[in-house]
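Heads up, the thing below is written out as structure tokens.
The values are calculated or read from the model by the stated rules, or taken from the named source; none is laboratory data. Just so you know, these numbers come straight off a predicted model, no measurement behind them. Cβ: placed from backbone, ideal geometry, glycine included. Neighbour counts: every protein chain shown.
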Amino acid sequence: MRLPYNHACHRARGAALVTALVLLIVITLLTVTAMRFSTLEMRMASNEEQRLSAFQSAQAAIDAVIANTAHFPVTGTAGFTNCTANMTGCDRNGITLSGAPFSTATTFVTVERLSPDTLPIPRGVETSSDKFSAAGFSVNSFFDGSGLGTGSVRIVQGYLVLAPKSNQSN
């Protein structure tokens, strides 16, 4: 015996296919969106790594300059500038930086004597204020490693040098 033909069952067979296709499209869109977010996060992480690398290089240049007291002349007046050899408009080009990353990237460092010529000694420094005065300096470091993929950054840091007063009495 043959069963009667049911039109409702015949129409329902196509609904499963359409539902599966819609779910497949939704899953594909979610996957593509997740991949785009992942790519964006990778770019952000790479940019942050380049920024930190450039910052550390600029700070290393400042640390190298501060390590040598000859870069901070306490004689002279405010506005005196000591720069790296590749800079113009300085009173002296006596700062040399060697080694990586300075040999492969553009690095400029300036040390400028600040006004006034002598400053009072800060309270936290344990020395006699009648025997010493202080000279303030601004150390400006610019590191450009964008050609190397490390970015570029400028850092300005203050530095204080104690200097004996010229009119000391014993």
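Among the residues of the stretch 92-112, just one is surrounded by fewer than 16 Cβ atoms within 10 Å (Cβ to Cβ), outside any loop (DSSP other than H, G, I, E, B) and within 21 Å of the chain's Cα centre (by Cα), namely THR106.
Applying the criterion of being surrounded by fewer than 16 Cβ atoms within 10 Å (Cβ to Cβ) and within 11 Å of LYS165 (Cβ to Cβ) to the residues of the stretch 113-131, the residue that is modelled with the highest pLDDT is LYS131.
Among the residues of this structure, GLY158 does not count as one that is of a type in the set (Gly, Ala, Ser), in contact with a Ser or Thr (Cβ under 8 Å, 6 or more places away or on another chain) and surrounded by 14 or more Cβ atoms within 10 Å (Cβ to Cβ). Annotation for the stretch 111-127: at least one member residue is within 15 Å of CYS90 (Cβ to Cβ) and in contact with a helix residue (DSSP H, G or I) (Cβ under 8 Å, 6 or more places away or on another chain). The numbered conditions (1) assigned to a strand (DSSP E or B); (2) closer than 18 Å to ASN82 by Cα; (3) in contact with a helix residue (DSSP H, G or I) (Cβ under 8 Å, 6 or more places away or on another chain) are all true for VAL156 except (3).
Considering only the stretch 70-112, state which residues are farther than 27 Å from SER146 by Cβ and modelled with pLDDT under 85. Within the stretch 70-112, PRO73, VAL74, THR75, GLY76, THR77 qualify.
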